[in-house]
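What follows is a short report on a single structure.
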Amino acid sequence: MREDEKPLVLEMLKAGVKDTENRVALHALTRPPALLLLAAASSGLRFVLASFALALLLPVFLAVVAMKLGLRARWGSLPPPGSLGGPWVAVRGSGDVCGVLALAPGSSAGDGARVTRLSVSRWHRRRGVGRQLLAFAESRTRAWAGSMGETRARLVVPVAVAAWGVAGMLEGCGYQPEGSWGCMGYPLVREFGKDL
């Protein structure tokens, strides 16, 4: 990445995360149990607050903030530049930055690595950029695991509800669904893993 491309790359990373957080929050808050809880909280606040609008907006605002904070705590921040983390940038022949990737080590030595950010520019989607970034992530994970003395390498890719279309690409690349986590019984993020 050239020095003049840093703002573009950072904006791509931020836009991808912000868009994903907003879509996941919207998905979670429009499920029937969440709507029921928001309606009950709003009705209860209506008796305490003098404003109907405030009683309606306050629970929604607090729920969105809690959802975003929970997602950030679960996903973590961008890893520091270094051996495994990145971020790495995909550039087309024309010099356009078309995708970014960041990795983080798993929580324990045998967990392998996790993709913390994988974002492809809208103008370069469905052209194989995501697959190339994923292949690069796999090679970096293998090299990192070898340097740590591990005999096997593993890569985990979390996919938010906002991007479940990526699941087909991951399954086509040999990744298997490992589970999901969410809110009130509704999955918000599915995790795919692959032994390398």
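The values are calculated or read from the model by the stated rules, or taken from the named source; none is laboratory data. Computed from a prediction, not measured in an experiment: that's the story for all the values here. Glycine also receives a Cβ, built like all others from the backbone with ideal geometry; neighbour counts cover every protein chain displayed. For accessibility, only protein heavy atoms count, side chains too; no ligands or nucleic acids. Shrake-Rupley method; radii C 1.70, N 1.55, O 1.52, S 1.80 Å.
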Problem set entry | Nearest-10 value in Å² for the accessible area of residue 20, using the 1.4 Å probe | 40
For this session: Identify the GluC sites (Glu not before Pro) of region 148-196 meeting these criteria: DSSP loop state and at most 16 other C-beta atoms within 10 Å of the C-beta.
Result: 150
For this session: Give the calculated FRET efficiency between residue 148 and residue 54 to the nearest 0.05, with a Förster radius of 45 Å applied to their Cβ-Cβ distance.
Result: 0.25
Seminar exercise, completed: Pseudo-spin-label distance residue 173 to residue 64, built 7 Å along Cα→Cβ, given in nm, is 3.2
Exercise. Based on the Cβ-Cβ distance from residue 31 to residue 92, what FRET efficiency comes out when R0 is 35 Å, to the nearest 0.05?
Worked result: 0.35
For this session: Mark the label point 7 Å from the Cα of residue 23 along Cα→Cβ and return the residues of region 171-196 whose backbone N is within less than 14 Å of it.
Result: 188-190
Exercise. Under a 1.4 angstrom probe, counting protein chains only, how are 121, 94, 43, 51 ranked by accessible area, largest first?
Worked result: 94, 43, 51, 121
